[in-house]
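Have a look at the structure below before the remarks.
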Amino acid sequence: HARRVRTPGLDMCAADGMCQEKCPVKINTGELVKTIREEKLRVASPLSNTVANAIAKNFYWFDVLTPPLLSAVSMAHRLLGTTIVGTVANLAHRVGGGLVPLWNPALPSGAKPLPPLPAPRTDAPSEQQKRGLFTGKVVYMPACVTRVMGATASDPVQASVPEAFLSLMTKAGIDVVYPDSVRSQCCGIMFHSRGCVDASNAKMEELEAKLLEASDNGKHPIVCDTSPCLKHIKDHIKDPLLKFALYEPVEFVSTFLTDRVDFHKKKKAVAVHVPCSAKKLKLENQFQALVSQCADDVVPTGVPCCGMAGDRGLRLPELTGGALQHLNLPASVTDAYSTSRTCECSLTNNSNVHFRSVLHLLDECATPKQR
């Protein structure tokens, strides 16, 4: 019985907690699964925790080495073709017992280095600043996934997510700072979802200290460009005041940029996928309203969860296959947007449209508001 439950119940659970949204008594089975994974690792696989702790302590090198690896695989795909790379990747996936992620053509190249920050603005203060509602400064925490995963090679939009965010902030006249040692930072969700709680907690404590310092104890808003990471930070930080300074990208733009930029409809029809974490943050209406300012027709994917669950969908492709079996976008849709890079990869692989960060759309369609 335990063997029958293990794969569908433990390994195949996305652990995103979306079951709680449907449950009439709000039971979060995902949290139970993560607890079981933690207990299992501590007893049956202590080596996993040792490896996770080593990666957490040396996260800078993970940030440095992963982009060249992804770029090398992408280059091999361009040179050797899908058939050869796919065959080699399938073999590695089988030999590795599912621990090696299964390659697919939608996987991205390595991300570009973080762009330098623009010089501080010297403009007159905005109305929000005059009323003391906003300092005109934001702390930008680029998630590790956007620091290491760039665009898919076939995507015509090759700008990185940090490039799009900084461009949008420049148009809005907002000063941006990175947390100190930003390339060593991680919210810990990549460890937490696997059950490696010690590594997750260590990274969360380190990140919280850096965010407190960069935001002047929460005085300045903090934006994380990836919805799952933002929610994980909100759920696990200890400082109660810092929780109120944390913003998801759509939430931040809707709250602080309305008097700073105008959005223009430059797209005919686009699709949007609101990640599970953003759904749990109740941001679906904001997402739809914001994208509607940039496109004539906004088509929701209609998918409750894409099944990616970090990289679990790469190691267990049947998870994303089942979750996205009914994904069917209209032929009129030319671009698609979300706020989670791994979800975007899964959705791209299961559709004929490139999914990318909504920050790309907002930056493309924004112009500074005339004062």
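The values are calculated or read from the model by the stated rules, or taken from the named source; none is laboratory data. Treat the numbers as computed from the prediction; the structure is a model and nothing was measured. Neighbour counts run over all protein chains shown; Cβ positions are idealised from the backbone, glycine included. Heavy atoms of the whole protein, side chains included, go into the accessibility calculation; ligands, DNA and RNA do not. Shrake-Rupley method; radii C 1.70, N 1.55, O 1.52, S 1.80 Å.
Couple of notes before you dig in:
- Considering region 189-237, and only residues there that are acidic (D, E) and within 22 Å of R37 (Cα to Cα), the residue that is surrounded by the fewest Cβ atoms within 10 Å (Cβ to Cβ) turns out to be E205.
- Yes/no for L246 being modelled with pLDDT of 90 or more, within 24 Å of V197 (Cβ to Cβ) and buried (at least 20 other Cβ atoms within 10 Å of the Cβ): yes
- In region 343-355, residue farthest from N104 (Cα to Cα) [restricted to those that are touching a helix residue (DSSP H, G or I) at 6+ places or on another chain (Cβ under 6 Å) and crowded, with 24+ Cβ neighbours inside 10 Å]: F355
- One residue alone among A271, A289, A278, A295 is under 20 Å from S154 (Cβ atoms) and of a type in the set (G, A, S), and that residue is A271.
- Going through (1) aliphatic (A, V, I, L, M); (2) modelled with pLDDT of 95 or more; (3) buried (at least 20 other Cβ atoms within 10 Å of the Cβ) one by one, V177 falls short only on (3).
- Subset of region 286-305 [within 20 Å of V261 (Cβ to Cβ) and either assigned to a helix (DSSP H, G or I) or within 20 Å of the chain's Cα centre (by Cα) (or both)]: Q286, F287, Q288, A289, L290, V291, S292
- Considering residues of region 254-270 that are part of a loop (DSSP other than H, G, I, E, B), within 23 Å of G136 (Cβ to Cβ) and touching a helix residue (DSSP H, G or I) at 6+ places or on another chain (Cβ under 8 Å) only, the residue most open to solvent (accessible area, probe 1.4 Å): D259
- Strands (runs of 3 or more DSSP E) wholly inside region 137-242 that include at least 3 residues being in contact with a Pro (Cβ under 7 Å, 6 or more places away or on another chain) and either over 21 Å from N49 (Cβ atoms) or touching a residue at least 24 places away in the same chain (Cβ under 8 Å) (or both): 137-141
- If only residues of region 302-334 that are modelled with pLDDT of 90 or more and open to solvent by 20 Å² or more (accessible area, probe 1.4 Å) are counted, the one that is nearest to P249 (Cα to Cα) is T334.
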